[in-house]
Structures are given as structure tokens and as C-alpha cells.
1. Could you grab me the full set of residues in region 82-97 that are within 17 Å of Ile220 (Cα to Cα) and either in contact with a strand residue (DSSP E or B) (Cβ under 7 Å, 6 or more places away or on another chain) or open to solvent by less than 100 Å² (accessible area, probe 1.4 Å) (or both)?
2. For residues in region 345-368 being more than 18 Å from Ala233 (Cβ to Cβ) and within 26 Å of the chain's Cα centre (by Cα), which is surrounded by the most Cβ atoms within 10 Å (Cβ to Cβ)?
3. Checking Ala327 against (1) of a type in the set (A, V, I, L, M); (2) surrounded by fewer than 18 Cβ atoms within 10 Å (Cβ to Cβ); (3) not in a loop (DSSP other than H, G, I, E, B), which single condition isn't satisfied?
4. Exactly one of these conditions fails for Arg131: (1) open to solvent by 60 Å² or more (accessible area, probe 1.4 Å); (2) of a type outside the set (A, V, I, L, M); (3) part of a helix (DSSP H, G or I). Give me its number.
5. If I filter region 302-313 down to residues being assigned to a helix (DSSP H, G or I) and open to solvent by 20 Å² or more (accessible area, probe 1.4 Å), which single residue comes out as nearest to Leu256 (Cα to Cα)?
6. Please go through region 279-301 and pick out each residue that is in contact with a helix residue (DSSP H, G or I) (Cβ under 7 Å, 6 or more places away or on another chain) and open to solvent by 30 Å² or more (accessible area, probe 1.4 Å).
7. Given (1) open to solvent by less than 50 Å² (accessible area, probe 1.4 Å); (2) in contact with a Leu (Cβ under 8 Å, 6 or more places away or on another chain); (3) at pLDDT 95 or above, where does Glu103 come up short, assuming only one miss?
8. Quick one: which helices (runs of 4 or more DSSP H) lie wholly within region 201-284 and hold at least 1 residues that are of a type in the set (Lys, Arg)?
Amino acid sequence: MQPLIPLERVIFAISKALDMSYPALAEHQLRVSYLARILGREVGFSGKELEALVIAGALHDLALFTSVDKKLALEEDPQTLERHARWGYALLRGFPYLRRSAEFILHHHAPWQILKEKDDQMWALGSNILRLADTLEIRSRELRPLLFYRSRLLEDLNSLKGSEFAPEVIEALHRAGEKELFWLRLENFSKEREVIFQTETATHLPCDQIEFLTRLFALIIDLKSPFTRIHSAGVAAVTDWLAEVLGFRDFMRVFLRVAAYLHDLGKLAVPEAILNKPGHLTEEEWAVMKAHPFYTFRILEEIPNLEMVNYIASAHHERLDGRGYPAKLSAPDLSLGARVLAVADVTTALLEDRPYRKGFLPEKARGILGELSGSALDPEIVSLVVGNMEYVVNLIRYVEEKRLEQLSTLGYWESKSGRGI
């Protein structure tokens with residue numbers, strides 16, 4: 001039986017990762033989630049509705065893919081605000097456990113004057129709670145101590161009652177804000193998160209159902225750079241093919257695919273100037289880049305029952321000869337699953353464009369893999385790729401076509417003024 005994984009812990013870990021690369025919004029989504037939970041309970045949300053609202057808070061900005069997007073959102077650029085809410089909804093609505101959260105995200109920038117006309121009042125109130133939580137978190141970030149500034153914050157937000165915010169939502173904020181603990185937890189949030197996120201209803205899912213989310217987050221990771229638009233998805237496809245050929249059992253193939261989708265999660269902490277640099281990295285920049293598997297480990301270790309996935313994902317730059325990073329593991333330390341992912345990662349990277357070079361032709365990729373065989377990469381697994389290079393190339397091309405279809409459906413290409421990804 002597959003171990004059950006708490007959905008909220010997955011969401012919260014990924015949410016924190018999404019905000020890592022932009023210090024001005026560090027832990028913004030988790031703080032909004034905290035505020036949404038408190039306000040939701042005050043308004044009367046409970047059970048699955050409250051859980052959906054808490055998750056919506058933690059993911060409401062997931063479609064702000066780049067630092068430029070985040071900066072424009074902070075500046076309240078209308079096009080960016082509308083677009084990321086629509087994309088967030090489109091990305092999440094296909095997962096049954098997150099459909100309600102997606103609905104809250106869709107209208108989280110709409111004023112109450114518009115929302116109050118909705119037939120579904122819980123939907124309208126949930127969206128408006130998200131809007132108030134988002135607004136309050138942004139306005140309170142630089143105000144310290146919050147206990148001193150709370151009266152000013154409450155007064156400013158109260159002036160928007162009835163137009164921007166529902167009266168009952170503003171009243172809920174005033175009731176919650178009477179307690180010093182409300183403001184102290186918000187100000188000292190990182191020390192409180194384990195207490196804050198206790199919900200009455202918690203969803204636990206097997207790894208094969210969590211896989212949908214990992215595919216989604218792989219898309220977000222890949223879109224941080226225009227040169228990695230399919231990387232994680234390509235690595236997952238090659239990993240799964242290798243696992244099938246090598247005779248892995250179905251449940252292990254699921255774990256491997258999830259590890260492949262999340263292996264570059266730590267790159268969310270790497271500045272885009274480094275990821276997209278067209279030339280060679282300086283020693284200082286390379287030191288930043290080499291930390292990304294460590295951050296992958298740190299993010300995933302917060303999720304119970306994903307230990308195997310974490311080990312495989314965070315070891316993708318280790319080598320058989322012990323000269324990899326960040327842990328300098330060697331052959332005896334590297335499981336067959338970790339070796340499969342490492343070969344899939346290198347193969348996909350060789351065949352795709354990078355900021356400093358075009359993707360290699362298959363024959364060149366074969367040669368480089370051959371040079372790495374035995375020292376860095378498992379020779380048996382390398383031989384499978386080298387002997388089936390045409391199939392691997394077509395597999396990655398198929399994944400790219402599917403990814404571009406998905407982005408086209410979202411309207412991503414049009415939003416970038418026809419420049420593509």
C-alpha cells in the first residue's frame with residue numbers, strides 16, 4: 001500500500017518555494033493562507049470549504065512565474081493581476097481536490113461590488129476573504145511592531161467596506177484583530193507555521209494522486225527560465241521510460257516520476273539572472289547554482305512520507321565517482337532510482353537549448369554521455385539511452401508539443417507579445 005501524503009503539507013512546502021526567489025514576497029502566500037484561515041473561520045467557513053480557502057491562500061500567486069511578474073503584481077499592474085488569477089484558476093481546476101481553491105483564486109482581485117452579484121455567496125465571500133488577506137499581508141509587511149500599527153491598518157481597510165470588501169469580512173477582521181495574538185503570529189510567522197495550519201479537515205492522498213500536482217509545479221519551475229520550458233517534464237518522461245525498461249514496479253515508477261518532476265524545485269531559489277545568463281557563470285554565480293539540489297532537499301523534507309522521492313530528487317547532480325554535489329555521494333550511496341534520474345536529467349539537458357548554447361544533435365549527445373559513462377553516470381543506463389537515442393529524442397519532442405499545447409490553452413504565448421516562452 002502506498003503511504004498517504006498530507007495534501008496541505010505538499011501545498012505549504014511548494015508555496016514557500018514559490019516565494020523564495022523574490023525577497024519582497026518571502027512567505028507571502030503562506031501568510032495570506034494564515035490570514036484567510038482566521039478570517040474564514042470568523043465568517044463561518046468550516047470543513048472542506050475552509051480547507052479549500054486555506055489552500056487557495058497558499059497558492060493564489062502560483063501563476064506569477066518570474067520576478068518581473070511578481071514585481072508588476074506588487075505595483076498592482078491591472079493586466080498582471082487579472083492574468084495571474086485567471087491562469088492560477090486554469091492550472092488548478094483540473095485537480096478535483098483543488099477545484100474549489102481554484103474558484104477562490106479566480107476572483108481574488110475582484111472588488112466586493114462585483115462579487116456580491118454572484119449566486120454562490122460562499123464563493124464570493126471566499127474570494128473576498130482572499131483579497132482582504134492578500135491586501136492586509138502586503139500592507140503590513142514593513143510595519144513593525146504590528147501591534148502599534150494595527151489601528152491604522154484596521155481604519156484604512158474599514159474605509160473600503162462595502163466597495164472593495166464585504167461588510168461581514170471587514171467585521172471578521174475587526175473581531176480577529178482584537179486579539180494581540182493575531183498580529184503577533186503574523187509578525188513572527190516563521191516560528192508559528194506549524195501551529196497556524198491546523199485545519200479541522202485534512203486531505204491525505206497516495207503518491208499517484210499527488211503526481212498531478214507535481215506535474216503542475218514542474219511547469220511552474222520550468223517557466224522560470226525561457227530555456228527550460230519542458231525540462232522537468234522531459235526528465236520525467238525519460239525517467240519513466242528507463243524505469244519501465246529496467247523493470248521497476250508500478251509504485252516505484254510513480255515515485256520516480258514525482259522525483260523527476262520536482263528535482264529542480266530548488267532552482268526557484270536561484271535568481272533568474274543566473275539561470276538565464278548567456279555566458280559562463282562566475283565562481284560566485286556557480287556557488288549559487290550548485291546550492292539548488294540542497295534547496296530541493298530542504299523543501300521536500302517538510303512533506304511526510306516523501307523521503308524516498310526526496311533522496312532521489314536531491315541526488316540528481318551526484319556522481320558515481322563521488323565528484324558530484326552537494327553531498328559528494330558515490331556509487332555505493334546511489335540507488336538505481338537515483339542513477340536513472342541522473343541519466344535522464346543529463347540526457348534531457350544535452351538535447352535542449354540552454355542560454356549559453358543550442359541543444360546538441362543526437363550524435364554529439366551520444367558522445368558526451370559516453371564520456372560520462374562509468375565515472376559520473378551508470379554505464380548500463382547510459383547504454384540504454386545511447387542505443388535508443390532516436391526514441392528518446394522523439395519522446396522529448398512529444399513532451400514539448402504537449403507542453404506547448406498546454407501553454408497555448410492558457411494563453412501564455414499571447415501574453416508574452418508573441419515572443420513565445
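1. Arg83, His84, Ala85, Arg86, Trp87, Gly88, Tyr89, Ala90, Leu91, Leu92, Gly94, Phe95
2. Out of the qualifying residues, it is Pro355.
3. Ala327 satisfies every listed condition except (3).
4. (1)
5. Taking region 302-313 first, the residues assigned to a helix (DSSP H, G or I) are 307-313.
Next, only the ones that are open to solvent by 20 Å² or more (accessible area, probe 1.4 Å) stay: 307-308, 311.
Values: Glu307: 12, Met308: 9, Tyr311: 11 Å.
Within region 302-313, the match that is nearest to Leu256 (Cα to Cα) is Met308.
6. Leu281, Glu285, Val288, Phe294, Tyr295, Phe297, Glu301
7. (2)
8. Details: elements: 207-222, 231-245, 250-262, 272-275.
Counting at least 1 such residues, we get 207-222, 250-262.
The values are calculated or read from the model by the stated rules, or taken from the named source; none is laboratory data. Source: prediction; values computed, not measured. FYI the Cβ positions are ideal-geometry reconstructions off the backbone, even for glycines, and counts take in every protein chain you see. Heads up: the accessible areas ignore ligands, DNA and RNA and are worked out on the full protein's heavy atoms, side chains in. Shrake-Rupley method; radii C 1.70, N 1.55, O 1.52, S 1.80 Å.
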